[in-house]
Amino acid sequence: MKKYQFIDEYGSFELKGAENDMGLYFPLASESGLKSAVTPNLCGDSKLDQNHFLFEPVSIENIRESRTSRNFWCMVKGKGPWSATGMSARQEAARFGAGQDDSGVRAGFMWHETYRRSEEFGLLAEITSFVPVRSNVEVTAVKLTNCGREKTELTAVAAVPIYGRSADNIRDHRHVTSLLHCIRTAGYGVHVTPTLSLCAEHGTNLASESLATGI
């Protein structure tokens, strides 16, 4: 892993090539209870407690192997798909090689920014993630810059896989509880309401709380 560098007087730092360190992740949290973990490729989970996970629960062992990412795709006309988080099959295959994107992480107290530049697609993506102090909301802001020499036409697609239930359902009735999700789309996001939650503390419960993600 390359040496990190401090970039201001508040302890914020930058680490280039951070995605090559498979065990690296960063915490995000609020005073209201939301707790998230995010890797340089935006893998990781987000939860209120053991029974309320927005994203699939992970540990230090499987976060490095996860394919569940807060992904942001750029469908570039004439060139194909490019992942702003480095999670496409082509980008995964090029990792550690000459064709790897130039990428890195900047982070500070409860904020995280990953950046990625592709010479092939002529794009620079900067993705900032944070949790507001008094809100149970994880915010992701994406900035795209055309750093190539030609005009680029693209379609941007956010793809966030929602888990939406107890961590116990990783082991117990995962397929059944996923089929029992009530899902509806709204103007700026997706609402997921688990109708059945199986948790060790309370047994089998009908769940009424909803989890939401927005773009």
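Brief remarks follow.
- Taken over the stretch 31-48, residues that are farther than 16 Å from Glu113 by Cα, of a type in the set (S, T, N, Q) and crowded, with 20+ Cβ neighbours inside 10 Å amount to 1.
- Pairs linking a residue in the stretch 64-92 that is touching a residue at least 60 places away in the same chain (Cβ under 8 Å) to a residue that is among the charged types (D, E, K, R), with Cβ atoms under 7 Å and 6 or more positions apart or on different chains, are Thr68/Glu56; Lys77/Glu153; Ala84/Arg116; Gly86/Glu19; Gly86/Asp101; Gly86/Arg116.
- Qualifying positions in the stretch 49-105 - of a type in the set (Val, Ile, Thr) and loosely packed, with under 12 Cβ neighbours inside 10 Å: Ile60
- Subset of the stretch 39-52 that is part of a strand (DSSP E or B) and in contact with a Leu (Cβ under 8 Å, 6 or more places away or on another chain) - its residue that is farthest from Ser135 (Cα to Cα): His52
- Of the listed requirements (1) over 20 Å from Leu124 (Cβ atoms); (2) in contact (Cβ under 8 Å) with a residue 60 or more places away in the chain; (3) in a loop (DSSP other than H, G, I, E, B), Ser36 misses just one: (3).
- Listing of strands (runs of 3 or more DSSP E) fully contained in the stretch 111-185 that carry 1 or more residues being of a type in the set (A, V, I, L, M) and over 18 Å from the mean Cα position of the chain (by Cα): 123-130, 154-159
- Subset of the stretch 1-30 that is in a strand (DSSP E or B) and of a type in the set (A, V, I, L, M) - its residue that is surrounded by the fewest Cβ atoms within 10 Å (Cβ to Cβ): Ala29
- Filtered residues of the stretch 106-144 (kept if surrounded by fewer than 18 Cβ atoms within 10 Å (Cβ to Cβ) and β-branched (Val, Ile, Thr)): Thr128, Val133, Val137, Val139, Val142
- Note on the stretch 53-109: residues that are part of a loop (DSSP other than H, G, I, E, B) and of a type outside the set (A, V, I, L, M) total 25.
- Filtered by the rule that a residue be within 15 Å of the chain's Cα centre (by Cα) and among the aromatic types (Phe, Trp, Tyr), the stretch 1-54 gives Tyr25, Phe26, Phe53.
- Residue check: Glu201 meets all listed conditions (1) in contact with a strand residue (DSSP E or B) (Cβ under 8 Å, 6 or more places away or on another chain); (2) modelled with pLDDT under 90; (3) open to solvent by 30 Å² or more (accessible area, probe 1.4 Å); (4) among the acidic types (Asp, Glu) but one, namely (1).
- Any chance Asp168 is surrounded by 13 or more Cβ atoms within 10 Å (Cβ to Cβ) and free of Cβ contacts under 8 Å to residues at least 60 places away in the same chain: no
The values are calculated or read from the model by the stated rules, or taken from the named source; none is laboratory data. Values in this document were obtained by computation on a predicted structure and should not be read as measured data. As a convention, Cβ positions derive from the backbone with ideal geometry for all residues, glycine included, and neighbour counts pool all protein chains shown. The accessibility values were calculated without ligands, DNA or RNA, using every heavy atom of the protein model including side chains. Shrake-Rupley method; radii C 1.70, N 1.55, O 1.52, S 1.80 Å.
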